[in-house]
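Asker: Take a look at the following structure, please.
The values are calculated or read from the model by the stated rules, or taken from the named source; none is laboratory data. Note that this is a predicted model, so its numbers are computed, not measured. Using ideal geometry, Cβ is built from the backbone for each residue, glycine included, and neighbour counts are taken over all protein chains shown. Quick note on the areas: whole protein, heavy atoms, side chains included, nothing else; ligands and nucleic acids left out. Shrake-Rupley method; radii C 1.70, N 1.55, O 1.52, S 1.80 Å.
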Amino acid sequence: MMQYQRSSALFNEAKKVIPGGVNSPVRAFNAVGGTPIFLTHAKGAYLYDEDHNRYVDFIASWGPMILGHAHPKVVAAIQARAEKGTSYGIPTALETEIAKRALSMVPHMDQIRFVNSGTEACMSAVRLARGFTGRNKIIKFAGCYHGHADAFLIQAGSGAVTFGSPNSPGVTTGTAKDTLLAAYNNLEQVAEIFRANPEQIAAIIVEPVAGNMGCILPQAGFLEGLRSLCDAHGAVLIFDEVMTGFRLALGGAQECLGVRADLVTYGKVIGGGLPVGAFAARKEIMDFLAPLGPVYQAGTLSGNPLAMTAGLTMLDLLHEHPETYTSLADKTAFLHQEMIPLLEQKGLPYQINRLGSMMSLHFTDKPVVDFETAAKGNNEYFKRYFHGMLLRGVYLPPSAFESYFLNDAITQKDLEHTLEAFSETLKKL
Ligand SMILES: *Cc1c(COP(=O)(O)O)cnc(C)c1O
């Protein structure tokens, strides 16, 4: 049996000086109970904790470590770059190089600007869309996560087509008024919002494949429908590809699903494990951005040379090895297919959603297509499932509302170990 004494002690120590002991809430295990593990290091497919336990990692730092941890080429590039100074606040050729590399991989985008997180990318993209259209309101979908900027921390209000209300203290009702909520995969609601707010909608922001309420796929016609509604009403379609970008395909969800967005946000994989976000659009939109245009956006550490080096090395590796995506999808499909008979045998209600290397298991018998159906999952089963897997050396997302992200360092042997752990865990569920 695994021991967690040191992690527990470190968590108690952390709680004295860091709120909740963590720097990002989901790490605290609130959704699954118990104490989080504290890591010493990670290599390839594995995480190593303070109590000398090893885990197969199914979150990949929530996406970025798509090739596994401490990839030798990424590490070497960061080390070499660090010798040359780690921040200047003055341009480098490196920024143009990663911009060109990223734009060559993603469809329909002329220019890109780098920031420091996915949150910053989404916040800036919305400001740019508002500046470009001269309109104030945005449409977002319940359960989609676009970072923690005020405009996104909004939940559905009482009426179906009324404006949202803050879902965090500190977000003003004034801000909430400009974020209109619809259910994921519900095109009719979006059409209704457009009808009720003529010439007021600046943008729709959407995760083209949702990954923050488990993994939820867009139904046939949903993204295409958003595209036509934006075209019909002069609104900007923002794809939040912070998760899906450089993960579902080289060109992200736009390529994978064949729908064009006007403005796209990136994060996670694009930083190769360092803090990077970015947003891209066609030139006509990007021209609105300072210093060319009136929409202000800036960052002391934006385009940071260490971060750009990690990101560029990661993108180069993916560009040189596009077979990574087939390999990842095959591994995830294998896991998915082998889990089914075990779940059937146990007779538990379940749904598995998957696309490429994103996947989630929901303990419910109804298809999971939006936040409401995702919330019907049995969380008691999920908690026991999570801890059963953890005890057997498999690290899953510590919340039923998160997607698994496979990394390509995971081997067939790791998958077999994972399935054994799954089988054992199900027996005791
Ligand atoms: C992670 C995530 C963000 C926020 O990115 P951070 O780097 O955590 O600020 C935004 N959108 C989506 C879809 C994400 O998954």
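Asker: Against the condition of a type in the set (K, R), in contact (Cβ under 8 Å) with a residue 60 or more places away in the chain and assigned to a helix (DSSP H, G or I), how does R27 come out, does it pass?
Answerer: The answer is yes for R27.
Asker: Among the listed residues L250, L301, L263, which satisfies the condition of being open to solvent by 10 Å² or more (accessible area, probe 1.4 Å), within 16 Å of the ligand (Cβ to nearest atom), in the same structural domain as K137 (by TED's automatic domain parsing) and among the aliphatic types (A, V, I, L, M)?
Answerer: Residue meeting the stated conditions: L301.
Asker: Right, here's the next one. Among the residues of the range 117-138, are any open to solvent by 30 Å² or more (accessible area, probe 1.4 Å), of a type in the set (A, V, I, L, M) and closer than 29 Å to V369 by Cβ?
Answerer: yes
Asker: Looking for whichever is closer than 25 Å to A409 by Cβ, open to solvent by 30 Å² or more (accessible area, probe 1.4 Å) and polar (S, T, N, Q) here; the options are S7, S24. Which one fits?
Answerer: It is S24.
Asker: Still on this structure, please answer the following. Taking A183 as the residue in question, decide whether it is in the same structural domain as G271 (by TED's automatic domain parsing), among the hydrophobic types (A, V, I, L, M, F, W, C) and open to solvent by 70 Å² or more (accessible area, probe 1.4 Å).
Answerer: Considered against the rule, which asks whether it is in the same structural domain as G271 (by TED's automatic domain parsing), among the hydrophobic types (A, V, I, L, M, F, W, C) and open to solvent by 70 Å² or more (accessible area, probe 1.4 Å), A183 comes out as no.
Asker: With respect to I238, determine if the residue is over 23 Å from the mean Cα position of the chain (by Cα), closer than 23 Å to M109 by Cβ and surrounded by 18 or more Cβ atoms within 10 Å (Cβ to Cβ).
Answerer: Considered against the rule, which asks whether it is over 23 Å from the mean Cα position of the chain (by Cα), closer than 23 Å to M109 by Cβ and surrounded by 18 or more Cβ atoms within 10 Å (Cβ to Cβ), I238 comes out as no.
Asker: How many residues are touching a strand residue (DSSP E or B) at 6+ places or on another chain (Cβ under 6 Å), assigned to a loop (DSSP other than H, G, I, E, B) and under 24 Å from I66 (Cβ atoms) when one looks only at the range 264-312?
Answerer: So the count comes out to 3.
Asker: Please state which of the following conditions H233 fails to meet, knowing it meets all the rest: (1) touching a residue at least 60 places away in the same chain (Cβ under 8 Å); (2) surrounded by fewer than 22 Cβ atoms within 10 Å (Cβ to Cβ).
Answerer: Failing condition for H233: (1).
Asker: Let me ask something else about it. Please specify each residue of the range 82-116 satisfying the condition of being buried (at least 18 other Cβ atoms within 10 Å of the Cβ) and of a type in the set (S, T, N, Q).
Answerer: Within the range 82-116, N116 is the sole residue that qualifies.
Asker: Next up: Answer yes or no: is there a residue in the range 148-170 that is out of contact with any His (no Cβ under 8 Å at 6 or more places or on another chain), open to solvent by less than 40 Å² (accessible area, probe 1.4 Å) and on the phi > 0 side of the Ramachandran plot.
Answerer: Within the range 148-170 (the criterion being out of contact with any His (no Cβ under 8 Å at 6 or more places or on another chain), open to solvent by less than 40 Å² (accessible area, probe 1.4 Å) and on the phi > 0 side of the Ramachandran plot), the answer is no, since none of the residues qualifies.
Asker: A further question follows. Considering only residues that are among the basic types (K, R) and closer than 19 Å to P349 by Cα, look in the range 375-429 and name the one that is modelled with the lowest pLDDT.
Answerer: K428
Asker: Same structure again: Could you look through the range 49-65, keep only residues that are under 23 Å from the mean Cα position of the chain (by Cα) and away from the ligand (no atom under 16 Å from the Cβ), and pick out the one that is nearest to L317 (Cα to Cα)?
Answerer: D57
Asker: Considering (1) free of Cβ contacts under 8 Å to residues at least 24 places away in the same chain; (2) in a strand (DSSP E or B); (3) buried (at least 16 other Cβ atoms within 10 Å of the Cβ), say which one V56 fails and leave the rest.
Answerer: (1)
Asker: If you go through the range 14-57 one residue at a time, how many are closer than 26 Å to M213 by Cβ and among the charged types (D, E, K, R)?
Answerer: 2
Asker: Of these, K283, K268, which one is within 14 Å of the chain's Cα centre (by Cα), open to solvent by 20 Å² or more (accessible area, probe 1.4 Å) and in the same structural domain as F114 (by TED's automatic domain parsing)?
Answerer: K268
Asker: Would you pick out the residues in the range 186-215 that are open to solvent by 10 Å² or more (accessible area, probe 1.4 Å) and either within 19 Å of C256 (Cβ to Cβ) or within 16 Å of the ligand (Cβ to nearest atom) (or both)?
Answerer: N212, the sole residue that qualifies.
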